[in-house]
Every structure is written in structure tokens, then in C-alpha cells.
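In what follows, a single structure is set out as C-alpha cells and then discussed.
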Amino acid sequence: MIAHLANETVSRRGLMFVLSSPSGAGKTTLTRLLREQEPSLSLSISVTTRGRRPSEVEGVHYYFISDTEYFAMQARGDLLESAEVHGNHYGSPRREVERALEAGKDILFDIDYQGTRQLVANAPDDVVSVFILPPSMKELRSRLERRAEDSQDVIERRLENARKEILRWTEYSYVLVNDDLDRTFSRLRIILAAERLKRERQTGLESFISTLIDETP
């Protein structure tokens, strides 16, 4: 009886699970693994003014839009967060995210520290942020070069920006060094599970506990 009642009365608001990292540190791979192993975790698909890479699919990785479309969305307040990264603009559509959180669904964000800072400022109780670090700058360069999707000039710029991004690590709830993909992924899932169970995220607990106390054994 109580177990059945608990399932009906105790629920929770969704959370925003944010992953950030310098380009090449493994964030995209970890995002993909989370989506495969955590099917209830939906990805917030950002809009971007960056050109589409050969491996990317419209509406799956990003919504690729013009500068004009982007700034119009920003002016209307349609972006929950927005940022300029490597000379390109990115943003998260507001309406879909807010609707999902109210329905108790968790949303995965693959964004940088600028976007994370805005999310935390706008909805601090809903955000769980994780920063992914590379094991070394040498390994980061190697990963960028193996990806073979950027010119050497772009790689050098990404490495320079990586040093600035890494300095933002103190702004995150959790920091993981991605020296072993399987271990890092396991830790990410542990963080997600623990955050989902936090008392502060549960709704209906007071009513359930009141019923529990009043019940005759």
C-alpha cells in the first residue's frame, strides 16, 4: 500500500545536467555514451552559427542557423543561454527545456562555461555542472589532431582557448580528469544518480511522510 502510494505521490522536478570541457577533452563522446545508457536523459540541442562539420547531422548535433536568425532569437528572449565560442555563436532554446523540467524530465547540456554560468544564474537549483579535464595538454593536442576535422590554425586556437577555459574549473559542481574514458563515464553516471535522489529535488515528500506517520501498522 505505502509503496504504491509513494510511487503516486513522490516525484521530482527535472534537472539540467551540464557537461563542459575544452575542445577535444572527451565531452562529445561522454555525451553520446550518456544518451545511450541513460535513455531518459534528453539532449538539449543548441542552435549555432558555426558551419556544419562533415560528421554532424542537422537537428541531431546542432540546429545550424544564420547570424540573423540567431540574434533574432536572442532579442526575443528565446535562448535560455547564449555564448560566443571560437568566433561562433551558440544558444539553448528556452521553451523546450522549461517544459521538460516541469514534466520531471532531465536535460543534458553540452555547453561551455559561458553558457553554464548563465544557466546557474537563471536556475541555480536545477543545474548540476561537471567540468571534464584532459590528462595533459599534449594529449589534448593529440586528440584534436586525430579528429582531423580542423585546420592546424584552428587547432592552435583551440589549444590557446583551452588554457583559458580550464581556469573556469572552480565554477563547476564536479570536476573529472578524463584519463580513462570508462572510468570517467562511470563517475558521471554516479553523479547523475546521486543528484536525482537529492531530497531537495523531490516533490510530494511532505504529503507522503504525513501519510506514512499516520498509517496504522
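The values are calculated or read from the model by the stated rules, or taken from the named source; none is laboratory data. Keep in mind it's a predicted model, so treat the numbers as computed, not measured. Cβ placement follows ideal geometry from the backbone for every residue including glycine, while neighbour counts extend to all protein chains displayed.
Here's the yes/no breakdown for (1) surrounded by 16 or more Cβ atoms within 10 Å (Cβ to Cβ); (2) touching a strand residue (DSSP E or B) at 6+ places or on another chain (Cβ under 8 Å); (3) among the aromatic types (Phe, Trp, Tyr); (4) under 18 Å from Glu149 (Cβ atoms):
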| site | (1), (2), (3), (4) |
| --- | --- |
| Met16 | yes, yes, no, no |
| Ser23 | yes, no, no, yes |
| Arg52 | no, yes, no, yes |
| Glu81 | yes, yes, no, no |
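Listed here are the residues, each with its yes/no results for (1) in contact with a strand residue (DSSP E or B) (Cβ under 9 Å, 6 or more places away or on another chain); (2) over 22 Å from Thr116 (Cβ atoms).
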{"site": "Asn161", "(1), (2)": "yes, no"}
{"site": "Lys164", "(1), (2)": "no, no"}
{"site": "Val177", "(1), (2)": "yes, no"}
{"site": "Leu188", "(1), (2)": "yes, no"}
{"site": "Leu192", "(1), (2)": "yes, no"}
{"site": "Leu205", "(1), (2)": "no, yes"}
{"site": "Ile209", "(1), (2)": "no, yes"}
{"site": "Ile213", "(1), (2)": "no, yes"}
{"site": "Pro217", "(1), (2)": "no, yes"}
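Taking helices (runs of 4 or more DSSP H) that fall entirely within the range 34-130, which contain at least 3 residues that are in contact (Cβ under 8 Å) with a residue 24 or more places away in the chain?
Where helices (runs of 4 or more DSSP H) fall fully within the range 34-130 and carry at least 3 residues being in contact (Cβ under 8 Å) with a residue 24 or more places away in the chain, they are 94-102, 113-122.
Among the residues of the range 173-217 satisfying the criterion of being of a type in the set (S, T, N, Q) and in a helix (DSSP H, G or I), which is surrounded by the most Cβ atoms within 10 Å (Cβ to Cβ)?
Among those that are of a type in the set (S, T, N, Q) and in a helix (DSSP H, G or I), it is Thr184.
Do you know which residues across the range 50-83 are touching a Gly at 6+ places or on another chain (Cβ under 9 Å) and of a type outside the set (Lys, Arg)?
Phe64, Tyr70, Met73, Gln74, Asp78, Leu79, Leu80, Glu81, Ser82, Ala83
Being farther than 21 Å from Ala123 by Cα and either small (Gly, Ala, Ser) or touching a residue at least 24 places away in the same chain (Cβ under 8 Å) (or both) is the filter here, so list the residues in the range 173-187 that pass it.
Answer for the range 173-187, where residues must be farther than 21 Å from Ala123 by Cα and either small (Gly, Ala, Ser) or touching a residue at least 24 places away in the same chain (Cβ under 8 Å) (or both): Leu176, Val177, Asn178, Asp179, Leu181, Thr184, Phe185, Ser186.
As an exercise: evaluate Arg158 against (1) modelled with pLDDT of 90 or more; (2) surrounded by 13 or more Cβ atoms within 10 Å (Cβ to Cβ); (3) in a helix (DSSP H, G or I) and give the number of the one condition it does not meet.
Going through the list (1) modelled with pLDDT of 90 or more; (2) surrounded by 13 or more Cβ atoms within 10 Å (Cβ to Cβ); (3) in a helix (DSSP H, G or I), Arg158 breaks only (1).
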